[in-house]
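No lab work stands behind these numbers, since they all come straight from the coordinates. Being a predicted model, the structure only gives us computed values, none of them experimental. Cβ sites come from the backbone with ideal geometry, for glycine too, and all protein chains shown count toward neighbours.
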Amino acid sequence: MGFHTFDADRADKLEEAGKRYRFLSAEELLWALSPSDDDHVADFGSGTGFFTDDVAPHVNTVHAVDVQEAMHDYYREKGVPDNVELVTSGVGDLPFATDSLDGAFSTMTYHEFASDDALAEIARVLKSDGTLAIVDWAASGDGRYGPPVDERFTAEEAVDALREAGFTVTHEAVRPETFLLTATAPAE
């Protein structure tokens with residue numbers, strides 16, 4: 001896979017609600033994550049904070065994790081909610097303590113970080129039975145939107161990778177361009 005990273009110079013495209021919500025609504029993301037008011041969660045590949053902003057009112061803290069400081073700069077200009085902490089990091093080497101997060105989500109970025117190391121790191125930082133919600137561009141899509149099809153994964157490939165990392169997949173849905181997975185972190 002290509003591990004495509006979205007071009008920060010095109011960050012304004014990530015704020016087009018009509019296009020973003022076409023592939024994932026705020027309600028669907030909140031259903032998948034099932035957050036509580038006291039939860040500490042992470043958004044892996046947070047970009048401009050588009051979906052971070054949808055989750056923030058429903059949790060104690062969101063750690064907006066992105067490898068590109070330029071994305072955080074864009075988010076700062078837009079306005080970061082008080083309970084959002086910007087974290088510049090790759091998913092394979094997270095600066096969080098073991099078992100410190102109640103949940104995590106990734107919207108349209110799984111293909112950017114998918115690796116055994118990244119999934120092991122997510123399993124490390126999530127509390128036992130913590131929720132992981134992933135929505136990403138599907139390899140079965142036609143490629144009109146999102147990254148090139150050859151840089152995407154199938155839902156089955158993502159499910160297999162999660163299971164190999166010890167996660168229990170609790171929901172799988174394949175749509176025309178995307179897939180949605182929910183999983184729980186390995187129990188200790």
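Kindly state, as a whole number, the per residue volume in cubic angstrom of the convex hull around the alpha carbon atoms of segment 56-130. Let's see the in-between values first.
Details: hull volume 7.4 nm³, N = 75.
Dividing the Cα hull volume of segment 56-130 by its residue count gives 98 Å³.
Please state, rounded to one decimal and in Å, the Kirkwood hydrodynamic radius that segment 44-173 gives when every pair of distinct Cα atoms enters the mean of 1/r.
Values: mean 1/r = 0.0654 Å⁻¹.
When all Cα pairs of segment 44-173 are included, the Kirkwood radius is 15.3 Å.
Return the FRET efficiency for the residue pair V174, R76: r is the Cβ-Cβ distance, R0 is 25 Å, and the value is rounded to the nearest 0.05.
On the way: r = 36 Å, r/R0 = 1.43.
Taking R0 as 25 Å, the efficiency between V174 and R76 is 0.10.
How big is segment 34-89 by Rg and Dmax over its Cα atoms, in Å?
Cα radius of gyration and Dmax of segment 34-89 are 10.2, 30 Å respectively.
Want the number for T154 to S100: 0.36 nm per residue separation, take away the alpha-carbon distance, what's left? Walk me through the intermediate numbers first.
Values: separation 54, 0.36 × 54 = 19.44 nm, distance 2.94 nm.
Separation in residues times 0.36 nm, less the Cα-Cα distance, equals 16.5 nm.
May I ask for log10 I(q)/I(0) of segment 116-188 at q = 0.11, 0.16, 0.20 Å⁻¹, from a Debye sum over the Cα atoms as equal point scatterers with solvent left out?
Log10 I(q)/I(0), no solvent term: -0.27, -0.55, -0.79.
Among Q68, F96, F23, whose Cα projects farthest towards the positive end of the dipole of the chain, with charges put on the beta-carbon of Lys, Arg (+1) and Asp, Glu (-1)?
It is F23, whose Cα lies furthest towards the positive end.
Tabulate in residue order the Karplus-calculated ³J(HN,Hα) for segment 170-180, using 6.51 cos²θ - 1.76 cosθ + 1.60 with θ = phi - 60°, rounded to whole Hz; enter x for Gly and Pro.
In residue order, the calculated couplings are 10, 7, 9, 9, 10, 10, x, 10, 9, 10, 10 Hz.
How big is the antiparallel share of DSSP beta bridges in the chain, given as a percent to the nearest 5?
Values: 13 of 33 bridges.
If we restrict to bridges inside the chain, about 40 percent are antiparallel.
Tell me, what are the semi-axes, in whole angstrom and largest first, of the equivalent ellipsoid of segment 147-188 as set by the roots of 5 times the Cα gyration tensor eigenvalues? Mind dumping the intermediate values first?
Values: eigenvalues 94, 27, 8 Å².
Rounded to whole Å, the semi-axes are 22, 12, 6.
Assigning unit charges at the beta carbon (Lys, Arg +1; Asp, Glu -1) and nothing else, what dipole magnitude in debye, to the nearest 20, does the chain show about its Cα centre?
Details: 13 positive and 38 negative charges, 85 e Å.
Roughly 400 debye, rounded to the nearest 20.
Multiply the residue gap between D117 and R163 by 0.36 nm, knock off their C-alpha separation, and tell me the result in nm, one decimal place.
Working: separation 46, 0.36 × 46 = 16.56 nm, distance 1.37 nm.
Gain on extension, D117 to R163, equals 15.2 nm.
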